[in-house]
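Notes to accompany the following structure.
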Amino acid sequence: MENFGIDIGDHKTVLTGSSRNGRILIDELNKRTIQTQFQLSHPQRKFGNNVGGFKQQDMVERYRHFTNDQKLLTMYFCYLHRLILQNMDKQPVGFRPNVTISTRCTSLKAIDDVLMCARAADLNVVGVYDDLTCAAAHLSLKVKAHERFIMIDLGHAHSAIGSFTFVDGKMRARKIEQIEIGGGSFDERLFYHILEQCGLEKEQAKGDSGELRTSEKEQAKGDSGELRTLEKESVKSNGMYRGITVNRTNYRPCTYKETYKYLVLRETVIPKLKKYKMILSSTAVLEDTLEVGDDLYKIRINQDEYRAMIKDDIDRIGAFLRERIDEYIKDENHFCDYEGAIVEVVGGNSNNSFVREMLEQLRVKVRRSSDSHESVGFGAAIAGALPFYTTAMRVMDVLVGDVMLNGAVIFRDGALMEESVVVDRDGERVFWRLSRDAHEQDVAVEALEGSSSRDSSCDAHERNTRLSDQAPGGSSCSSRDAHEKNARSSVQAPTGSTLTFTHQGDVLLDEEIDTPFTAVLTRNKQLQIKGHNFETDCSHLLKLEEEFRQREIEIEQIGNLTNEYQLYLERLQNTMSKPIYYTLFTEDDLNNVCNLSMEFMYLPVCDTLKDEKKKIDEYNSKIDKFVTRMKDLMECKKKAVHDRIELSLKNLKGVKTCTPAVYKLQSRLNGNKDLLSRCTFDGDVEILNLERLDEEIVRMELEIEREVKEKEREKAEREEREKVAREKLRKAKEEKKGDDMTGNEADENKDEEQPLERNEKAKADEVVE
């Protein structure tokens, strides 16, 4: 069974499949990557089509980062589900594809939201992996296997690094860390620099406290008047992506008033940022002209200016990578020296020439064995497909962040997936310990207080499990119990109390549990409680997705209706100017329709389909008098043409001699009759030209008369030739009959002479003897 990988990034999404030795799934535009933002100008995905130009209220919502909105994310997963089916040879009814999702989310709560949306879209989620783990899996299983290596991912929204091992067919993540700086930071700096050259009016930037301005608060309020919950990074970086940002960086030098000019410039510049960065990476000067209405803006950026813009971000990324690489290499379980270290890099931002210069300055040699854009998606498909095949290979991801039970840590940062903790109740306490591995001896549980997550190793078989035994209001385990074979840690939890699991501040579970259970950190980065059903109901997401999708389809319908009516008004002007209708209207009438067409073009599009239809009905009432005149004239001409056709067809019935011209005229008249029945006043009205039709009919009738006469002449000649031939045949027969009689008489005379000759010959022979 094929497993599909979904690499949802902040800038693009890549769909992959595990069949055919790994393949990329294309979208309806035959593109290998899908932009990870909903745009109202994309008709192929039912999001409208910019009818009447950009609308300010719509442009504010463009480039929405939907991973923070469950109904948008569910809608996007439904779209990806349709793409998967389109790329399959057969599309079974009710088919649920097996998918593996790669994400940079580190919060189990955020991962659970992604899983819920994927299930609502009828996807069977095999697992959720970190982006770096997927890239490392692709490198180890498809490109070249290394026993120990470092992986760097320089993406659009973040820069991450991690260390991995590949031993005995097991690819294990050991440590993964990331910072919120990436290619999106470069985009923002370049974008603001371009806006500054265009002379846009600036607003006062927010203070160092990070407090939202009043205008931002108003925009962030929902229908209930309460402030929407946004991520901290989103609030800090409310720059070129208004509301919820795509690249979530901390850079924000200034803001601009959301005028129509600003919004149109944003729509123009953002699609060009990738091209601009490529030019500045290899060219000394970038020059371009931006068009906003009738205004033209010339921009000019030097390569040195661009280098200065992004220098701070590159320095921060470089410092972060150097610090982590030094830490990994100094660890004797990872590497021995800088020369022997194997470091691989992926991510679109690694193609930036200035970033490449930074990587070359590292003390280790950075390699590029994998594709910078598609390796994560391929790794997700491969990692998810392995459990379906009889293979000993495995991909093991790690947990980022501690999981706590009532304030006490039970899963450490860096713990491998599929580790479990047995939890049971004994009196006023809840005890837990790590489950024993079938191939290893029991692991002693050390009661460590205040141990850092960085000190803990990622491999459960290469370290002592470290559990915090301190809990608010609870008691600690004794040192003797801590070193016993089955040592346990505990928290104070009286019977009937609520057990609360948290991860990075997110509440994962808050339930009353009176019976023993097992907490398992699974390979899809979920905390599962065995023996209890905590399956989240996602029916409300399906309802929201359906409502939202219907709204987007309505936007598309409104756009199509408005476009069609605009074209209808333009066609109406051309129709009124045709010779057949020209005498019906004055110059004022033509100007009136022209003004109505221009007025409709610049009117804003209505928000609902009902209002748009009502607006169109109002314009129809204004042009109805003109349309009625043309329809009345057309009906009169249609009747005259129809009568002329019927008369000609009746005359054809009187023609007894069939000629090619008869069939041709009959076919032509029947065709004209059919066209006449479907003729509209604003369509092809050439069929209503009675004079030309008369000329054609008369010409064809003359042709028929000529062909009839020709046929009659040919008939007379043929009959004459046949008469002469018959006479000749009669004479020939008579002559033949006379010859036959003469021949018979000669034969009879010959028969009588033959016996006489024989007798005479016999007598002559006797004389000789």
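Taking a ≥ b ≥ c as the square roots of the eigenvalues of the Cα gyration tensor of segment 328-390, is the shape rounded (a/c under 1.5), prolate (a/b larger than b/c) or oblate? Oblate is the answer for segment 328-390, as a/c is 1.5 or above yet b/c matches or exceeds a/b. The separation of segment 338-400 from segment 621-671, counted between C-alpha centres, amounts to 75 Å. At full extension, THR628 and THR518 could sit 31.6 nm farther apart than now, given 0.36 nm per residue minus the alpha carbon distance.
I need LYS613, LYS543 ordered by Cβ neighbour count within 10 Å, fewest first.
Neighbour counts put them in this order, fewest first: LYS543, LYS613.
Annotation for segment 120-187 versus segment 491-505: alpha-carbon center distance of 33 Å. The packing ranking of peptides 653-659, 318-324, 621-627, 6-12, highest mean first, is 6-12, 318-324, 621-627, 653-659, where packing means the average number of other beta carbon atoms within 10 angstrom of each residue. Do any of LYS142/LYS175; LYS638/LYS715; LYS90/LYS274 go past 30 Å between their Cα atoms, and which? Table pairs above 30 Å Cα-Cα are LYS638/LYS715; LYS90/LYS274. For the cross-link pairs LYS257/LYS610; LYS653/LYS673; LYS277/LYS298; LYS31/LYS71; LYS711/LYS731, the ones whose C-alpha atoms lie over 21 Å apart are LYS257/LYS610; LYS31/LYS71; LYS711/LYS731. The phi torsions of segment 690-701, fed into the Karplus equation with coefficients 6.51, -1.76 and 1.60 and a -60° offset, translate into couplings of 5, 4, 5, 5, 4, 4, 5, 5, 4, 4, 5, 5 Hz, rounded to whole numbers, with Gly and Pro shown as x. Here the Karplus relation 6.51 cos²θ - 1.76 cosθ + 1.60, evaluated at θ = phi - 60°, turns the backbone of segment 171-177 into coupling constants of 9, 10, 7, 10, 7, 9, 9 Hz, with x for every Gly and Pro.
No value in this document is a laboratory result; all are computed from the given coordinates. Because the structure is predicted, anything quoted here is derived from the model rather than measured. Cβ coordinates were reconstructed from backbone atoms using ideal geometry, including for glycine residues, and neighbour counts include every protein chain displayed.
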